[in-house]
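Here the structure is laid out as structure tokens; the discussion comes afterwards.
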């Protein structure tokens, strides 16, 4: 038995498809509540799939910290109730900012187990209704309370440590890191659901307010309200009722130590490296086959760590690879065509599902001005905390 | 497709076993932290199973509100890290007080999907480190924040409504309700892990302090710290490495409206009725075949609702059935031999796993002074909130 403990080879006999997607606008949505958001996304997804609510057999929802953000737990039943699906099994899953990715994985597993034919995976977070201090407390729940939060660490500070070390070890420049933000804002401009539909220049990023050196405001993803949902179906059901299914060919997950200080390296995200390795094995493809990817750029440096972990470039080469334009639309590996967490926004529990939706739109060929030409295989990379959880999914059109 | 949406018939080709269990003492454990508790339970379970940590391929952990109780989210990775299992997929699930039951169900599904052969399901809650007001806020997260908590409802009040209505509709007496507490304390006396290892008399219960009429202090389960873990294995692996496996023959779950006020009846827990029906179907047994059950007696009235939903007696007859002694050890359907939530304690996210452990001990024949004679088939019933989530599992020895 391997330490990874994944014996998914057994699972390749069946396939799971995404047959419907639903997304709310991302942003500071003062007029919408937590339950408004997830209901809107769920209804849109059901409508997009062309099914009825009665067809849904189970649901999973990712949400990071509704207890602190909205004084509400028991999220599965809440969502089933407000979406008019009362009765069905409804489970909330949580792994901080990777909660959405977990919901997708559990929905996928439910179908793989032969338990169900149609399952919903959703994500929701309402982050703007609380004082900033409480939002920070909630977000630091993704880190190690005893060894990080208690000692004053914040997530910008943790990612700043990773950035500094990457710059020192590999000669990565602050300009290269900043180019991630420039690219992702340029993509977000064409995404009507994005929180920030505008471009920023390299100078804008380099001159924005300091947050935790070397990271500045425009290196950081925002606080966001938003929800997302996808409808998954078994191969049989998908072929029966859907004319544009997008197939999930890999669903992988791995963990690392909760505290950054316990890791051997500050510049390699081991959970993502393990999950990517397993995902490529499940899907029978390699990094070179990936036509586009949505990765977890909670801070600009995180996108460099991601593309390195996924094997799009060598470890340490992410800065140069970005500077050379390989992650732009039209490049070797377009990354975060949706605008990423930086441009699209980052409602933490929602992000993993929103990534799957961008993958679906790209593979359907309906991504509009941000469409990747001839997109056939896509990947999503969703991270919790400073990398203690990573979830990688691979999708294909045919 | 049914509203229940459960097509588990397909799943009966495989079996899943419990091969190891681990439980901490329940109580006000001032000297132990959240992570101490779950690590202790996990290590005990791995040791009981006679496996090594390296054999564990995935883990699921139920925890209701660690964000509010311990300022910590990202629980899956935390548990993997502190149990020395870093690397493996680790997922937290939540459905308020049914979180433990959900962890068991997802671990079961992981094996059913062919994903893994050895999976851990755990539950943990550390409830005593916060001011009472914050604990109440956390617990009310199990209800409907907008329609219940905001208007001042608490869980004792919600269950008091159910008790009053049960008394009015069916003539149930406060003495009958109180006999649940007397029985469960009598059982807890023989459980070394229980928070309250002492008996209470009917007079003690009837004269205890009023909480929410007609419910008094000794009708209410306590605030508790504690953790539990079980090791699940596929049929093949269980037969290879375990000489006393306990088989899980049904894993069912259903939901109801989040708010009590939205339900047609205050005295029927529809989620439990649906889940029980499905569980009996999966296991191919009926209520009459159940040799013992652990049910969710968060308040004494809840045990009556449970035994009625499970079909041990008719709807409305729970009071009389209890008074007649049928739920005592030696009766027709011994209920809560562990002491239940009332006597054993109720660390909310832990309870569903602790119930599975009592079922395992009974089926192994190692429950000591609380052993049910010739126990062959057992059932657990785990509820979230006022009944918005119910999870039912059935177990057998051979």
Helix axis angle, A:351-364 relative to chain A longest principal axis, alpha carbon, degrees: 70 degrees
Shape call, the stretch B:157-277: gyration tensor on alpha carbons, a/c limit 1.5: oblate
Exercise: per-residue mean of other protein chain Cβ atoms within 10 Å, B:52-61: 3
Kirkwood hydrodynamic radius of the protein assembly as shown, from inverse mean 1/r over distinct Cα pairs, in Å: 25.9 Å
Ranked A:23, A:161, criterion: other C-beta atoms within 10 Å, fewest first: A:161, A:23
Alpha-carbon centroid distance for the pair the stretch B:117-175 / the stretch B:340-370, whole angstrom: 20 Å
Nearest-first distances (nm) between copies at residue A:217, label 7 Å from Cα via Cβ: 5.5
Projected label distance in nm at residue A:31 and residue B:265, using a 7 Å step from Cα toward the beta-carbon: 4.3 nm
Rh by Kirkwood over Cα pairs, then Stokes-Einstein D for the stretch A:139-217 at 1.002 mPa s and 20 °C, µm²/s: 152 µm²/s
Choice from B:119, B:43, B:79 showing the highest fluctuation, given a GNM over chain B with Cα pairs closer than 10 Å: B:43
Taking B:193, B:159 and counting other C-beta atoms within 10 Å, the order from fewest to most: B:193, B:159
Length-normalised contact order for the stretch B:302-393 - Cα pairs under 8 Å, 6+ apart - percent: 17 percent
For the stretch B:50-103 versus the stretch A:269-328, the gap between their alpha-carbon centres in whole angstrom: 27 Å
Percent breakdown of C-alpha pair distances by 5 Å bin, ordered from the shortest bin, for the stretch A:68-129: 4, 16, 25, 26, 18, 7, 3, 1
Share antiparallel - DSSP beta bridges, chain B, percent rounded to 5: 75 percent
Inter-copy spacing of residue A:365 label points, which lie 7 Å from Cα along Cα→Cβ, given in nm from shortest upward: 6.8
Cα gyration tensor shape of the stretch A:316-398, rounded if a/c is under 1.5, else prolate or oblate by comparing a/b with b/c: oblate
Per-selection Kirkwood Rh - the stretch B:240-296 (Cα, Å, 1 d.p.): 13.6 Å
Distance in nm between pseudo-label sites at residue B:197 and residue B:235 (7 Å out along the Cβ direction from Cα): 4.0 nm
Per residue, the convex hull volume that the Cα atoms of chain A enclose (Å³): 125 Å³
Gyration tensor (alpha-carbon) shape descriptor, the stretch B:38-146, a/c threshold 1.5: prolate
At 1.567 mPa s and 4 °C, Stokes D of the stretch B:117-178 from Kirkwood alpha-carbon radius, µm² per second: 89 µm²/s
Position residue B:201, label points 7 Å along Cα→Cβ, spacing to each other copy in nm (shortest first, one decimal): 8.7
Antiparallel DSSP beta bridges within the protein assembly as shown, as percent of all bridges there, nearest 5: 75 percent
Whole-number percent relative contact order across chain A, with pairs defined as alpha carbons under 8 Å at least 6 apart: 25 percent
Degrees separating the helix A:300-309 axis from the principal Cα axis of chain A, which is the longest one: 70 degrees
Per-residue Cβ neighbour rank within 10 angstrom, fewest leading, A:54, B:174, A:231: A:54, B:174, A:231
Debye log10 I(q)/I(0) for the stretch B:247-398, one point scatterer per Cα, at q = 0.08, 0.16 Å⁻¹: -0.19, -0.79
Helix-only CD estimate at 222 nm, as mean residue ellipticity for chain B, using -39500 (n - 2.57) per DSSP H run (n ≥ 4): -11000 deg cm²/dmol
Average Cα contact separation per residue, the stretch B:222-334, under 8 Å, 6 or more apart, as relative contact order %: 19 percent
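Any read-out appearing in this document is the output of simple, stated calculations on the displayed coordinates, not a laboratory observation. The model shown is predicted, which means the values in this text are computed figures rather than measured ones. Here Cβ is always computed from backbone atoms with ideal geometry, including for glycine, and neighbour counts include all displayed protein chains.
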